[in-house]
Amino acid sequence: MKYIKLRDLEVSRIGLGAMGMSHGYTGSGTDEAESIRTVHRAMELGVTLIDTAEIYGPYTNEELLGRALKGRRDRVVLATKFGLVSHAGAGAWNLDSSPANIRTAVEGSLKRLGTDHIDLYYQHRVDPGTPIEETAGAVGELVAEGKVRAFGLSEAGPDTIRRAHAVHPVSAVQSEYSLWTRGVEDRVLPVLRELNIGLVPFSPLGRGFLTGTIRSADQFDKDDFRRDNPRFTGENFERNLRLADEVKAIAATAGVTPAQIALAWLLAQGDDIAPIPGTKRVTRVEENTAADAVELTAEQLDTLTALPPAAGDTHTEAQQRMLER
Ligand SMILES: NC(=O)c1ccc[n+]([C@@H]2O[C@H](COP(=O)([O-])OP(=O)(O)OC[C@H]3O[C@@H](n4cnc5c(N)ncnc54)[C@H](OP(=O)(O)O)[C@@H]3O)[C@@H](O)[C@H]2O)c1
């Protein structure tokens with residue numbers, strides 16, 4: 001496994017997204033033992049960057065990682081997120097990045113994760129009700145107290161990134177980025193590079209779609225959030241299948257799997273990029289982590305970069321309003 005720096009935080013350039021072990025996807029929360037084996041296998045394979053959030057569950061994903069990392073905490077760069085649970089207010093799925101809410105959130109996350117510090121603490125979504133300077137200042141205080149090592153943002157736009165960074169250095173921005181979601185390339189990535197901030201692409205496998213294993217929405221459990229996602233519904237789903245088939249065809253010529261193609265393409269975009277593919281299965285973490293060794297030819301990369309855009313928005317309308325693009 002190769003390692004890169006997100007500003008001054010060294011991480012494996014392929015991380016592990018833990019969300020789906022507890023939340024959101026088909027089979028989430030059904031096999032804790034396999035999820036924990038997956039975390040341990042990832043670590044054996046050199047993965048250090050492990051990603052969760054207090055909203056995943058809520059809380060159960062952090063609790064799961066707390067159990068998985070018992071006795072191994074110091075071998076990982078543990079990332080979690082605040083700001084989608086308003087503790088003194090309306091509860092889960094409500095934006096709140098006020099300093100008071102961050103103070104409450106961090107104590108809960110530390111306890112659930114079984115640690116005295118969070119390596120990378122992201123604001124999960126920009127909160128229009130709190131000036132980003134106040135949020136950055138509050139995280140800066142946690143850094144000074146040793147409870148947090150580095151500050152991150154998620155789905156923040158260029159202006160917010162600059163304003164936050166002016167108050168406390170931002171180490172990483174975590175935003176959706178993959179072969180079928182390229183929105184960060186135009187305005188966000190240049191600012192990150194100017195300011196020496198790393199990019200952590202989430203949903204790098206297109207929420208599983210780019211792996212070619214999803215052929216019908218009938219494969220999803222009733223509570224799988226992809227059932228409402230515009231890219232996975234109706235005509236968009238059918239059109240996007242063609243995109244997945246193209247990735248599959250390139251994978252066949254390269255002699256690797258579609259998931260590895262999706263990750264290798266992201267890695268080729270720069271050594272300041274560390275995707276966090278999500279899985280709750282040992283075999284898939286082995287497959288995904290092996291993408292670190294995949295070198296695509298210039299021709300393969302060009303073909304992938306030129307793939308047609310996906311059909312449909314990345315999120316539902318309500319979720320879309322929380323993204324700064
Ligand atoms: N900041 C944010 O707002 C935000 C939003 C979404 C996600 N995230 C983070 O990013 C991480 C990754 O994103 P994601 O989980 O949404 O999407 P993803 O990594 O693009 O895809 C995950 C899905 O693909 C499947 N999968 C994984 N490896 C596979 C393989 N080799 N072959 C076939 N299928 C495979 C997984 O199923 P199995 O688990 O069954 O293998 C899961 O359903 C999350 O875990 C979370 O930590 C952050």
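Only one residue of His124, Leu95, Thr80 has its Cα farthest out toward the positive end of the dipole of the stretch 14-128, where Lys and Arg carry +1 and Asp and Glu -1 on Cβ, and that residue is Thr80. About its Cα centre, the stretch 112-257 has a charge dipole of approximately 360 debye under the convention of +1 per Lys or Arg Cβ and -1 per Asp or Glu Cβ, with nothing else charged.
Taking the longest Cα principal axis of the chain as reference, the axis of helix 184-195 is set at about 50 degrees. Near Glu141, once Lys and Arg are set to +1 and Asp and Glu to -1 for all other residues with Cβ below 14 Å from its Cβ, the sum equals -1. Shape of the stretch 1-111 from its Cα gyration tensor (a ≥ b ≥ c, root eigenvalues): rounded if a/c is under 1.5, otherwise prolate when a/b > b/c, or oblate? Oblate. Projecting the Cα atoms of Phe209, Phe232, Gln260 onto the charge dipole of the stretch 205-325, computed from C-beta unit charges around the Cα centre, puts Phe232 farthest toward the positive end. The residue among Met43, Ala291, Gly312 whose Cα reaches farthest toward the positive pole of the charge dipole of the chain, with charges on the beta-carbon of Lys, Arg, Asp and Glu, is Met43. Qualifying trypsin sites (Lys or Arg not before Pro) in the stretch 1-103, where qualification requires a DSSP coil assignment and no more than 14 other C-beta atoms within 10 Å, comprise Lys2, Lys70, Arg72. Roughly what angle does helix 32-44 make with the longest principal axis of the chain, taking Cα atoms, 0 to 90 degrees, to the nearest 10? Value to nearest ten degrees: 90.
Of all beta bridges that DSSP places with both ends in the chain, some 20 percent have antiparallel geometry. Only the Cβ atoms of Lys and Arg (+1) and of Asp and Glu (-1) were treated as charged; on that basis the dipole of the stretch 1-118 about its Cα centre amounts to roughly 340 debye.
When only the Cβ of Lys, Arg, Asp and Glu is charged (+1, +1, -1, -1), the dipole of the chain relative to its Cα centre reaches about 440 debye. How far is helix 99-113 tilted off the main Cα axis of the chain, in degrees rounded to 10, range 0 to 90? Once rounded, the angle reads 60 degrees.
Over the stretch 135-286, the Kirkwood radius and the radius of gyration, each from Cα atoms, give a ratio Rg/Rh of 1.03.
In order along the stretch 223-230, phi translates into HN-Hα couplings of 9, 6, 5, 5, 4, 9, 7, x Hz, rounded to whole numbers, per the Karplus curve 6.51 cos²θ - 1.76 cosθ + 1.60 with θ = phi - 60° and x for Gly and Pro.
Once C-alpha pairs closer than 8 Å and six or more residues apart are averaged by separation and normalised to the residue number of the chain, the relative contact order reads 22 percent.
Normalise the Debye intensity by I(0) for the chain, one equal point scatterer per Cα, no solvent, then take log10 at q = 0.16 Å⁻¹ and round to two decimals. The calculated log intensity ratios at q = 0.16 Å⁻¹ are -1.49. For the stretch 239-314, the extents of the C-alpha atoms along the principal axes are 31, 28, 26 Å, listed from largest to smallest.
When the Gaussian network model of the chain links Cα atoms closer than 10 Å, the mean-square fluctuations of Ile261, Ile214, Ile161 top out at Ile214.
Since every read-out is calculated from the coordinates, none of them should be taken as a lab result. Since we're looking at a predicted model, the values are computed, not measured. Neighbour counts are summed over all protein chains in view; Cβ atoms, including those assigned to glycine, are modelled from backbone coordinates with ideal geometry.
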